[in-house]
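The values are calculated or read from the model by the stated rules, or taken from the named source; none is laboratory data. None of these values were measured; they are calculated from a predicted model. No Cβ is skipped: glycine too gets one built from the backbone with ideal geometry, and neighbour counts run over all protein chains shown.
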Amino acid sequence: MEFIVDNNRYILGYNDAKEEVDNFQVHDVIKKIIFEIDRISRKHKINYALSFGSALGLYNYGGFIPWDDDGDIIIDYFDYSRFVNALKEDLSDEFTFDTEIVNPRYNPLIPHIKVRYKNSYIKEKTRFTLPDHTKERGLFVDICLFMGVPQNKKEHQKLIAYSKRYMPLYVFLDAFLHINPKTIRKKLRKFEKKCAKTYQESPYVSQTVIIPFQEHPKKFVEHLSFPREVIYPFKEYDFFGRKIFSFNNLREFCRLRYGEKAIKIIDSNGEVRDPFLNKNKKSGHITRINIYK
């Protein structure tokens, strides 16, 4: 595979001294977290895959999307508890993690697990409306859960609509009144478990149905789920001198998730071109970044 080469420096935020923090500094940290997750997953024989923006970065650039500011990984829904136990047992002291199993205030409307680099600090744009109540605030990799989902897109959307109905009340109680919405959280997790069991053998898979932010505008991309054979079995890919797992058909996942226009372009001369060449490239999550020595 040939990759887009983008050695430009992108400013992803500013530290407390108002100095620029660039993509090279941030990506060095995200790599450390990904390599640690890889180590633990291999030791405990838990399958994982670089996903979402990290999968697109792997396919287009052979690494990260140059202006990305976090990492994305998925594991299977039924490996969730086992993965948390592995993190409890083996996560290096350089890192920390948070999830609902260890933190009863953890927000179920965001990815199930965040693994963070301790020697850093960030302010996220969503910290007021979707607080995750984590004790550490460092740079992170999101770990999401994949499960079987209905083949019919409308049926899938109905499942996602369940958590969307609860989202305004959850945010109001949690973010504005600072009340623990434990009853809503319990309902969402019970619904999620039921769906995972119901569609366990479905030929289509996607992110867990209780995450409300999954659909793109129709003009961008139509797909909400992925054929199981596109995702599984996970395959190894070269990633900064290491072997890291991602999806079985990486290109097809990127096409289904982000659309043809997001995929690297091979022109008639065989040269690789960047589909984002003329687009505004900014960090998506962070307003303040400190990386400590």
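It is to be established whether one or more residues within segment 260-269 are modelled with pLDDT under 90, assigned to a loop (DSSP other than H, G, I, E, B) and either closer than 26 Å to Ser120 by Cα or of a type outside the set (S, T, N, Q) (or both).
Within segment 260-269 (the criterion being modelled with pLDDT under 90, assigned to a loop (DSSP other than H, G, I, E, B) and either closer than 26 Å to Ser120 by Cα or of a type outside the set (S, T, N, Q) (or both)), the answer is yes, since at least one residue qualifies.
Could you identify the single residue in Tyr162, Tyr170 that is of a type outside the set (S, T, N, Q), buried (at least 19 other Cβ atoms within 10 Å of the Cβ) and over 21 Å from the mean Cα position of the chain (by Cα)?
Just one listed residue meets the conditions, Tyr170.
Hey, which of the helices (runs of 4 or more DSSP H) in segment 129-242, taking only ones fully inside, have at least 2 residues that are out of contact with any Gly (no Cβ under 7 Å at 6 or more places or on another chain) and of a type in the set (Lys, Arg)?
In segment 129-242, the matching helices (runs of 4 or more DSSP H) lie at 153-171, 182-198.
Of all residues in segment 140-177, which are of a type in the set (Lys, Arg) and touching a residue at least 24 places away in the same chain (Cβ under 8 Å)?
Lys153, Lys164
Going by the conditions given, is Arg273 within 26 Å of Asn47 (Cα to Cα), among the basic types (Lys, Arg) and in contact (Cβ under 8 Å) with a residue 60 or more places away in the chain? Steps first, answer last, please.
Numbers: within 26 Å of Asn47 (Cα to Cα): no; among the basic types (Lys, Arg): yes; in contact (Cβ under 8 Å) with a residue 60 or more places away in the chain: yes.
No.
For segment 200-217, what are the residues that are within 17 Å of Ala161 (Cα to Cα) and out of contact with any Phe, Trp or Tyr (no Cβ under 7 Å at 6 or more places or on another chain)?
Across segment 200-217, the qualifying residues are Val209, Ile211, Pro212, Phe213, Gln214, Glu215, His216, Pro217.
All but one of (1) touching a helix residue (DSSP H, G or I) at 6+ places or on another chain (Cβ under 8 Å); (2) surrounded by 18 or more Cβ atoms within 10 Å (Cβ to Cβ) hold for Glu252; which doesn't?
With respect to (1) touching a helix residue (DSSP H, G or I) at 6+ places or on another chain (Cβ under 8 Å); (2) surrounded by 18 or more Cβ atoms within 10 Å (Cβ to Cβ), Glu252 is out only on (2).
Which condition from (1) surrounded by 15 or more Cβ atoms within 10 Å (Cβ to Cβ); (2) at pLDDT 95 or above; (3) within 30 Å of Arg42 (Cα to Cα) is the one that Ile184 breaks?
Checking Ile184 against (1) surrounded by 15 or more Cβ atoms within 10 Å (Cβ to Cβ); (2) at pLDDT 95 or above; (3) within 30 Å of Arg42 (Cα to Cα), the one that fails is (3).
Here is a list: Tyr237, Tyr199. Which entry is surrounded by 13 or more Cβ atoms within 10 Å (Cβ to Cβ), more than 23 Å from Val141 (Cβ to Cβ), touching a strand residue (DSSP E or B) at 6+ places or on another chain (Cβ under 6 Å) and modelled with pLDDT of 95 or more?
None of the others qualify; the one that does is Tyr199.
Among the candidates Pro217, Pro275, which residue alone is modelled with pLDDT under 95, touching a strand residue (DSSP E or B) at 6+ places or on another chain (Cβ under 8 Å), over 30 Å from Gly138 (Cβ atoms) and of a type outside the set (Val, Ile, Thr)?
Numbers: Pro217 fails: touching a strand residue (DSSP E or B) at 6+ places or on another chain (Cβ under 8 Å).
Unique residue meeting the criteria: Pro275.
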